Amino acid sequence: MIGVAKEGIKQAYTSEEYALMQAINAYLELDRSYNLAYERLTEWYGLYFPEIKLHSAKMLANLAVVLNSKASIDRNAILSLVHENAQAESIYTKASGSMGREMNNDEKEAITKYAQLLLSMDKSLLSLNAYIKVASNRLMPNTTYLTDEKIAAELLSKAGSLERLALMPSSTVQLLGAEKALFKHIKFGSKPPKYGVLFKLSEVGTAKRDMRGRIARAYAAKICIALKADVYTKNFIAEGLKNDLARSIERLRRASANRLTKEKDERKKQNSNKGRII
């Protein structure tokens, strides 16, 4: 009995989809930790060189490794990291006249090790991203083409398996990732969510607020078709789906623009009628 159970578990996990789910979850968790580590390093390094502000976590970490003493500031080392003469010269000038405190040896070792940890996290993120890109295109070529590698993998992770995801209705796919908001709506009567993971799509995230739900619904409908092709037929139909999706989104935008124009005209008409009555 135990042997049969073990064999069943072994067969269930033969698919690469489970490795992809672990990879995307690892990527998302590491990405959050990476951003927190970057914020911490920014504050910590600001004690010593408060004038230096960098928006690149990797560049800041590299700089913290080579620029950790006011007594030995190396212009060439800074230039090798920044690659832009003007910015490198600006950093060198600010560091030379910085009002921050001098690091002692213990602080220097601690912040250097922390910066190296941030660089190691950056390498791990790149490695995970490369694997997710390959695995998503291998397992879900149609879905990945419609969305992107990480969004497709995140949808898979939320569903629990590729076949389960393919059997979900489009309304469920649309709300994957919005479970907390959905439970809050059910329990407290707050506004229902209109999208979950799909908000990360540029077409959804950058759309006007009243259009986001409609565009997410259109995406979910096409994603469901793509998923069935990925799981059952193995045919690549994503190009046609993407063209249909683009036309659907354009129709939604035209309809929204027409509705806004009618509402504007209606308001003008009402204001005009009020003026006549007065």
Determine the gain in length on full extension of the stretch ALA130-THR261; use 0.36 nm per residue of separation and subtract their C-alpha separation, reporting nm with one decimal. 42.6 nm
Taking HIS185, HIS55 and counting other C-beta atoms within 10 Å, the order from fewest to most: HIS55, HIS185
Ordered by fewest other Cβ atoms within 10 Å, a rough proxy for footprinting exposure, THR147, THR93, THR206 read THR206, THR93, THR147
For a footprinting-style exposure proxy, rank ILE223, ILE237 by other Cβ within 10 Å, fewest first. ILE237, ILE223
Report the FRET efficiency, 1/(1 + (r/R0)^6), for PHE183 and THR93, where r is their Cβ-Cβ distance and R0 is 51 Å, rounded to 0.05. 0.40
Please give the contour-minus-distance gain from GLU102 to ASN137: 0.36 nm per residue of separation, less the Cα-Cα distance, rounded to one decimal in nm. 7.6 nm
³J(HN,Hα), Karplus 6.51/-1.76/1.60, whole Hz, each residue of the range 217-226, x for Gly, Pro: 5, 5, 4, 4, 4, 6, 4, 4, 5, 4
Simple spin-label estimate for ASN85 and ASN35 in nanometres, 7 Å along Cα-Cβ: 3.7
Hey, quick one: spin label on GLU250, modelled 7 Å out along Cα-Cβ, who in the range 197-211 has an amide N within reach, i.e. under 17 Å? 203
Which option, (i) 34, 25, 20; (ii) 45, 34, 18; (iii) 34, 22, 15, is the value of semi-axes √(5λ) of the Cα gyration tensor in Å that was calculated from these coordinates? (ii)
Using r as the Cβ-Cβ distance of SER171 and TRP44, and R0 as 45 Å, what FRET efficiency do you calculate, to the nearest 0.05? 0.45
Across LEU128, LEU155, LEU167, the residue with the highest GNM fluctuation in the chain (Cα network, 10 Å cutoff) is LEU167
Cα-only Debye scattering, the range 97-210: base-10 log of I(q)/I(0) at q = 0.16 Å⁻¹: -0.84
By how many nm would the segment from ALA71 to ASN235 lengthen if fully extended, with 0.36 nm per residue of separation less the alpha-carbon distance? 52.6 nm
Report the label-to-label distance for LYS268 and LYS228 in nanometres (one decimal), using points 7 Å from each Cα along the Cα→Cβ vector. 4.6
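Computed from the coordinates by the stated procedures, all read-outs in this text should not be read as laboratory data. Being a predicted model, the structure only gives us computed values, none of them experimental. Methodologically, a virtual Cβ is constructed for each residue, glycine included, from the backbone with ideal geometry; neighbour enumeration extends over all protein chains shown.
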